[in-house]
Structures are given as C-alpha cells and as structure tokens.
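The values are calculated or read from the model by the stated rules, or taken from the named source; none is laboratory data. These numbers were taken from a predicted model, which means no experiment stands behind them. Backbone-built Cβ (ideal geometry, glycine too); neighbour counts: all protein chains shown. Surface accessibility is based on the protein's heavy atoms, side chains included, excluding ligands, DNA and RNA. Shrake-Rupley method; radii C 1.70, N 1.55, O 1.52, S 1.80 Å.
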Amino acid sequence: MNNACITFKNVTFLSDDSKNTILSDLSFAIPTDKVTCLLGASGSGKSTILRLIAGLIVPHAGVITLRHETVSRDNQILLK
C-alpha cells in the first residue's frame, strides 16, 4: 500500500436513519499507477463510496486516506 492514492480501512456507513448498513467493514487501496473501476449491482454502495472519497459524507466508522493523509475517521472529516 505504499503507492496507494486512496485507502479505506474498515469503513462502515449507515443509512440516514441508521437502520440499514450501506457499507460494512470495507477495506481497499487504490494505487496511483493503475486505472481502477468501481463495479457492482444497483444498491451495492458505489455512489456511497464516491461520496465518501469526495468528502460529501463521512463514515460512521473506519478511516479514509488520500495520498497518505487521513481525511476522514469515525464520523469526522479531518481536512486542513
């Protein structure tokens, strides 16, 4: 993961009413030198992942890093 541009570590995201789990304990790394696609069925969480990366929403649990800098952690945005 040394060349990872984006990493998710144990990210969990719940619906607005916190009754449904949208993402559960999701972990992955996207390397800087590769083309990466996000594929899945309707309702599988693709748009939620993109919103988390963009900082539009925050995870209920877990850590998101962009270029080795933590930007989101456990219900907080940590932007400078």
Restricting region 18-38 to residues that are in a loop (DSSP other than H, G, I, E, B) and among the hydrophobic types (A, V, I, L, M, F, W, C), which is nearest to the chain's Cα centre (by Cα)? 38
In region 45-75, what count of residues is obtained for those that are more than 14 Å from residue 24 (Cα to Cα), under 9 Å from the mean Cα position of the chain (by Cα), part of a strand (DSSP E or B) and not β-branched (Val, Ile, Thr)? 1
Can residue 31 be described as within 16 Å of residue 75 (Cα to Cα) and either exposed (fewer than 15 other Cβ atoms within 10 Å of the Cβ) or at pLDDT below 95 (or both)? no
Consider residue 42 carefully, then state whether it is exposed (fewer than 10 other Cβ atoms within 10 Å of the Cβ) and either on the phi < 0 side of the Ramachandran plot or within 15 Å of the chain's Cα centre (by Cα) (or both). yes
Find all pairs meeting these conditions: Cβ atoms under 8 angstrom apart; at least six residues apart or on different chains; first residue within region 6-35 and on the phi < 0 side of the Ramachandran plot; second residue open to solvent by 60 Å² or more (accessible area, probe 1.4 Å) and of a type in the set (Val, Ile, Thr). 12/21; 13/21; 13/22; 14/21; 14/22; 15/21; 15/22; 30/36
Quick check: anything in region 3-17 assigned to a strand (DSSP E or B), within 9 Å of the chain's Cα centre (by Cα) and at pLDDT below 90? no
Which of the residues belonging to region 55-73 are open to solvent by less than 80 Å² (accessible area, probe 1.4 Å) and farther than 11 Å from residue 6 by Cα? 55, 57, 58, 59, 60, 61, 62, 72
